[in-house]
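Q: Provided herewith is a single structure, encoded as structure tokens, for subsequent inquiry.
The values are calculated or read from the model by the stated rules, or taken from the named source; none is laboratory data. Because the structure is a prediction, the values reported are computed rather than measured. Ideal geometry is used to build each Cβ from the backbone, glycine not excepted, and the neighbour counts take in all protein chains shown.
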Amino acid sequence: MGSIEGSSAEGFLGLYQLIKGKEDKGMKRSAFMISLLSIGMALIFAVSSVAAELPKITWKVQFCCPESSPKFQKRVCLKPSPDSKPIGAGADLTKELSRVVAARTNGKFQLKCFAANELFGTREAYEALEKGAIDMWFGPPWAFSGRNKFGFVSGSLPFSLENHDQAYHIMFETKFREVARRAYAKNNIYYICGAMGGADGITSTFPIRTMEDLKGKKIRGGGIKGKVNKALGAIDVVISPAEIYSALERGIIDGLMMPLYVMGERGYFEKCKYVSLPPVFGNWWVDWAANMNSWKKLPNEYQKILQEEADRLWKWTLKTNLPHLEKAVQENPGDSRYHAALGLAYAYLGRKEEAIQEGNRAIDLYPISKDAALGPRYVLNLARIYALIGEDNEAINLLKYLLSIPASEFLWQIVTVAYLQLDPQWDSLRDHPSFRRLLK
């Protein structure tokens, strides 16, 4: 509004000067210009009135999970801005989204937040979202799966994504959201974006040494996690996050699939003493989604603000890790893992020289000559850095080298032509002639 009013004042002054200078050409000319000035003022005031009359709207938003404890927030969590509270769980993140959306709309667009199960259970929330009983929901994709099969895959696939970097790439650098929106639109739902992510595997009250140990055990899952549980011989149990602790206490479940950082924050490790690695999902995210009718009724300005802030907070997951990693590198200068992770973070932020330096430092600290099994992962990490910053030839040369030796990023993931063909993190190289030759 300030820029409109300023430009309007200059325009009025210009018109006035023009009219003043042409007075000697007759009243007819002056009358025409005054009429033009009146029309311009009317249009400006009309625009101002429309902007001032954006409606007051309140959405009902429900979480699927509890908020983080104040102790955990204070001890571990970071803030996305100085005005924010520390954020450790999706409920915290959704409350922050509510806060910033209200601030940007001068309080006219409110996201009224409801706790897990306060309005609907996790399994009923998707239908409630379809029908508009709630306007927005923060919850896991598997809750969608009973009514829309895309929910089985939209959060991750087992033994596919390995880390948050890959989740970031899929969400913001591919057409994933276009596909998700087309899929969920069939159920009258608008897909906003992902919200939280983390390594997600089986934690249990009993040791798991072979697949036989899982047979007949009750593991909380649901959706694609439930399919994994059943494939492993376990009994899949679907309950909301708010019910997990009491279910462990009462023996209703023997274990669960849940992001590992959540396990510690909510005290589940008090009951679950065993963690099975590698995690089934290297990164599993939950989503923000809206009722399609509610979304379409929003003024365009509100849609834009909500989408921008949701995207910003989702991206913040990566950016907030940067100070943690930098501190970790300072405290552990000889640990190659921190340098590798920091190099990737710099690459995503476009800090090319620093990204390459940290990637090479990781290789120097943990060379293949030191460990032929795990050393190649840092060469692969540097290849990923080069691909992210547009150094395609360097990335391809490293991948060519890795194909010539026994190499894996993790012991269970071998670097092969098939791996390069399927992994989306190499999509930026697919049109490069050298990369195409590499895949033959």
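Q: Which count do you get for residues in region 199-256 that are touching a residue at least 24 places away in the same chain (Cβ under 8 Å), of a type in the set (A, V, I, L, M, F, W, C) and over 19 Å from Phe281 (Cβ atoms)?
A: 5
Q: Here is a follow-up. Take the residues in region 45-73 that are charged (D, E, K, R) and surrounded by 12 or more Cβ atoms within 10 Å (Cβ to Cβ); name whichever of them is modelled with the lowest pLDDT.
A: Looking only at region 45-73, we keep the residues that are charged (D, E, K, R), and these are 53, 56, 60, 67, 71.
Those left that are additionally surrounded by 12 or more Cβ atoms within 10 Å (Cβ to Cβ): 60, 67.
Numbers: Lys60: 97, Glu67: 71.
Among those that are charged (D, E, K, R) and surrounded by 12 or more Cβ atoms within 10 Å (Cβ to Cβ), it is Glu67.
Q: Also, quick follow-up: Do we have any residue at all in region 282-304 that's under 12 Å from the mean Cα position of the chain (by Cα), at pLDDT below 80 and farther than 23 Å from Asn187 by Cα?
A: yes
Q: Among residues belonging to region 158-176 that are over 11 Å from the mean Cα position of the chain (by Cα) and modelled with pLDDT of 75 or more, point out the one that is surrounded by the fewest Cβ atoms within 10 Å (Cβ to Cβ).
A: So the first thing to find is which residues in region 158-176 are over 11 Å from the mean Cα position of the chain (by Cα), and the list is 158-163, 173-176.
Remaining after also requiring modelled with pLDDT of 75 or more: 173-176.
Working: Glu173: 14, Thr174: 12, Lys175: 9, Phe176: 18.
My answer is Lys175.
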